[in-house]
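The values are calculated or read from the model by the stated rules, or taken from the named source; none is laboratory data. Because the structure is predicted, anything quoted here is derived from the model rather than measured. Ideal geometry is used to build each Cβ from the backbone, glycine not excepted, and the neighbour counts take in all protein chains shown.
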Amino acid sequence: MGYARDLTIDGLMEDKPQLIWAAHYLCALGKALLDDAELGMMR
């Protein structure tokens with residue numbers, strides 16, 4: 001999540017929207033991993 005935060009800041013400061021989209025993708029991936037881990041712990 002730290003890398004996603006850094007990409008967001010860099011994308012905003014350097015006016016590079018592709019970095020913001022990369023951060024968005026990383027956040028979605030992180031959420032999917034956490035959701036899957038939660039499901040595994042509930043078994």
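Those residues that are assigned to a helix (DSSP H, G or I) and touching a residue at least 24 places away in the same chain (Cβ under 8 Å), I need them from the range 1-25; list them, please.
Filtering the range 1-25 for residues assigned to a helix (DSSP H, G or I) gives 2-13, 17-25.
Scanning the range 1-25 gives a single hit, ALA4.
Just to be sure, is ASP35 in a helix (DSSP H, G or I) and at pLDDT 95 or above? Break it down into steps so the answer makes sense when it comes.
Numbers: in a helix (DSSP H, G or I): yes; at pLDDT 95 or above: yes.
Yes: the conditions hold for ASP35.
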